[in-house]
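Structure first, then comments.
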Amino acid sequence: MSKKTIFLAGLWREHPNLRQLLGMCPTLAITTSVRNGFAMGTAVLFVLVFSSFMVALIKRLIPHQVRIAVYTIIIATFVTIADITLKAFFPQISRALGPYVPLIVVNCIILGRAEAFASRNSVGNSVLDALGMSLGFMWGLMAIGAVREILGRGTIFGFRLGIIHFRPWIIMLLPAGAFFALGFVVAFMNFLDRQRRFKT
Amino acid sequence: MKYFRIVLVLLVTSLISAFCLSLVSSLAKARIENNEKAAIERAIYVVAPAAKKVEEKLTAGKTIYKLYDGQGNLIGYAFLAKGYGYQGEIKIICGLDKNLEKILGIEIIASSETPGLGAHINDNWFKKQFRGIKVLPRIVYSKRKSRQDNEIQAVSGATISSRSVVEILNKEITKVRKILQP
């Protein structure tokens, strides 16, 4: 596998939340705006890159029987660091994301990458894989956040779009809207894929 | 020997993790507390724009902020009131005049009500209604345009959120009045 393939896998082909449908909890819960999606994506980027780096680094030292326990401790440590940092330096973002930052601990993308990739690949490739996966996760959240923010609030990145006679669809900000938006983004992604396959 | 290695690995990982976390936590603790304090103080100046000086006072287990104007006269009190709304906790900073009879203003510093419905309790028109209303015998809400001097108009379609705000305030105001006016 070339470095480029490893990096690009998470961005499209094996996209974590739009292809593998992993990490649905933050994907549905916090995507009421693009900004929230970006903030959550950044927190996951930090946790995933550092966890994959650590797991790849010490993979030979961990006895097979307790590897999951050790991965969980590593992940929980980075998640708590991210949570505390947000609370200290970005209190507003921390309030908007609520309990979903500590919940990154149980986000299966992170444990999944540790077990499926970092525990059997080199440190460099693991970091590359983590970068691709978390950037993919981030754009997924931002895409769903954009759909919900535009339709539900009539704004994008908090800026009013100023479409005349447009009454925001409040449903898009409610949980049901999250499922609508997710469905449409996944369908659009599959549509693009099919177009490409026909061409080649 | 095999088990010894398992125990050792888990022990060392946990120790390193605990060390890192306590380090980060001790570095950030002061900043986090400052942020929370700053949020409350910012809200106090919104609630009572006339206040120029705020003095924190702990009485009977409740932090009450005394508000003074530019000349150093006491103009009222502010305090935190919290309770549960429709979906989660609502935290309100409430200002009372110095006779403990009228509300100076309220500011909602945390809430997680339904967007588009209950979240309208954060709107200025809703919060402004509380300015100058009487707290005795208690604050009431209604669905019509407010008429009485202790009445506010609920957010339409979000009676539960509006009622929560009113109930949280009533409860806390009664408590604060008891503390300040024995």
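The values are calculated or read from the model by the stated rules, or taken from the named source; none is laboratory data. Worth saying up front: this structure is predicted, and the values here are computed from it rather than measured. For neighbour counting, all protein chains shown are included, and Cβ atoms are generated from backbone atoms with ideal geometry for every residue, glycine included. The area values use the complete protein model at the heavy-atom level, side chains included, leaving out ligands, DNA and RNA. Shrake-Rupley method; radii C 1.70, N 1.55, O 1.52, S 1.80 Å.
Examine the stretch A:26-40 for a residue that is open to solvent by 60 Å² or more (accessible area, probe 1.4 Å), under 26 Å from residue A:158 (Cβ atoms) and within 14 Å of another protein chain (Cβ to nearest Cβ), and state whether such a residue exists. For the stretch A:26-40, residues open to solvent by 60 Å² or more (accessible area, probe 1.4 Å), under 26 Å from residue A:158 (Cβ atoms) and within 14 Å of another protein chain (Cβ to nearest Cβ): absent. Considering only residues that are part of a helix (DSSP H, G or I) and under 28 Å from residue B:17 (Cβ atoms), look in the stretch A:7-25 and name the one that is most open to solvent (accessible area, probe 1.4 Å). Within the stretch A:7-25, the match that is most open to solvent (accessible area, probe 1.4 Å) is A:25. Within the stretch A:19-30, residues that are farther than 14 Å from residue A:108 by Cβ sit with their Cβ atoms under 9 Å from residues that are polar (S, T, N, Q) and surrounded by 15 or more Cβ atoms within 10 Å (Cβ to Cβ), at 6+ positions apart or across chains, in these pairs: A:30/A:36. Pairs linking a residue in the stretch A:115-129 that is open to solvent by 30 Å² or more (accessible area, probe 1.4 Å) to a residue that is acidic (Asp, Glu), with Cβ atoms under 8 Å and 6 or more positions apart or on different chains, are A:121/A:129.
Has the stretch B:47-56 got at least one residue that is aliphatic (A, V, I, L, M) and in a helix (DSSP H, G or I)? Yes; the residues of the stretch B:47-56 include at least one that is aliphatic (A, V, I, L, M) and in a helix (DSSP H, G or I).
The condition (being within 24 Å of residue B:36 (Cβ to Cβ) and surrounded by fewer than 17 Cβ atoms within 10 Å (Cβ to Cβ)) is satisfied by just one residue among B:124, B:99: B:124.
The set of residues from the stretch B:78-109 being without any contact (Cβ under 8 Å) to a residue 24 or more places away in the chain and either assigned to a strand (DSSP E or B) or under 30 Å from residue A:168 (Cα atoms) (or both) comprises B:89, B:91, B:97.
Mind checking which residues of the stretch B:136-182 are part of a helix (DSSP H, G or I), of a type in the set (A, V, I, L, M, F, W, C) and open to solvent by less than 20 Å² (accessible area, probe 1.4 Å)?
So the first thing to find is which residues in the stretch B:136-182 are part of a helix (DSSP H, G or I), and the list is B:159-180.
The next check asks that each one be of a type in the set (A, V, I, L, M, F, W, C); those that pass are B:160, B:165-166, B:168-169, B:173, B:176, B:179-180.
Once the filter is applied, which keeps residues that are part of a helix (DSSP H, G or I), of a type in the set (A, V, I, L, M, F, W, C) and open to solvent by less than 20 Å² (accessible area, probe 1.4 Å), the stretch B:136-182 yields B:165, B:166, B:168, B:169, B:173, B:176.
Among residues belonging to the stretch A:53-81 that are aliphatic (A, V, I, L, M) and more than 9 Å from chain B (Cβ to nearest Cβ), point out the one that is most open to solvent (accessible area, probe 1.4 Å).
Selected residue: A:57.
Candidates in the stretch A:82-102 are the residues that are of a type in the set (Val, Ile, Thr), closer than 17 Å to residue B:25 by Cβ and in a helix (DSSP H, G or I); of these, the one that is nearest to the other protein chains (Cβ to nearest Cβ) is A:84.
Taking the conditions (1) at negative phi; (2) surrounded by 12 or more Cβ atoms within 10 Å (Cβ to Cβ) in turn, residue B:76 satisfies each one other than (1). Scanning the stretch B:1-12 for residues that are open to solvent by 90 Å² or more (accessible area, probe 1.4 Å) and either of a type outside the set (A, V, I, L, M, F, W, C) or within 7 Å of chain A (Cβ to nearest Cβ) (or both) returns B:2, B:3, B:5. Restricting the stretch A:82-114 to residues that are open to solvent by 50 Å² or more (accessible area, probe 1.4 Å) and charged (D, E, K, R) leaves a set whose member that is farthest from residue A:18 (Cα to Cα) is A:87. Selection of first residues in the stretch B:29-47 that are more than 9 Å from chain A (Cβ to nearest Cβ) and of second residues that are modelled with pLDDT under 85, restricted to Cβ pairs under 7 Å at least 6 apart or on distinct chains, gives the following pairs, ordered by first then second residue: B:41/B:54; B:44/B:51; B:44/B:54; B:45/B:51.
Counting only residues that are in contact (Cβ under 8 Å) with a residue 60 or more places away in the chain, part of a helix (DSSP H, G or I) and open to solvent by less than 60 Å² (accessible area, probe 1.4 Å), the stretch A:146-200 holds 11 of them.
For the stretch A:9-65, enumerate the residues that are polar (S, T, N, Q) and in contact with a Pro (Cβ under 8 Å, 6 or more places away or on another chain).
A:32, the sole residue that qualifies.
The set of residues in the stretch B:13-28 that are open to solvent by less than 90 Å² (accessible area, probe 1.4 Å) and either aromatic (Phe, Trp, Tyr) or at the interface with chain A (Cβ under 9 Å from one of its Cβ atoms) (or both) comprises B:13, B:14, B:17, B:18, B:20, B:21, B:24, B:25, B:28.
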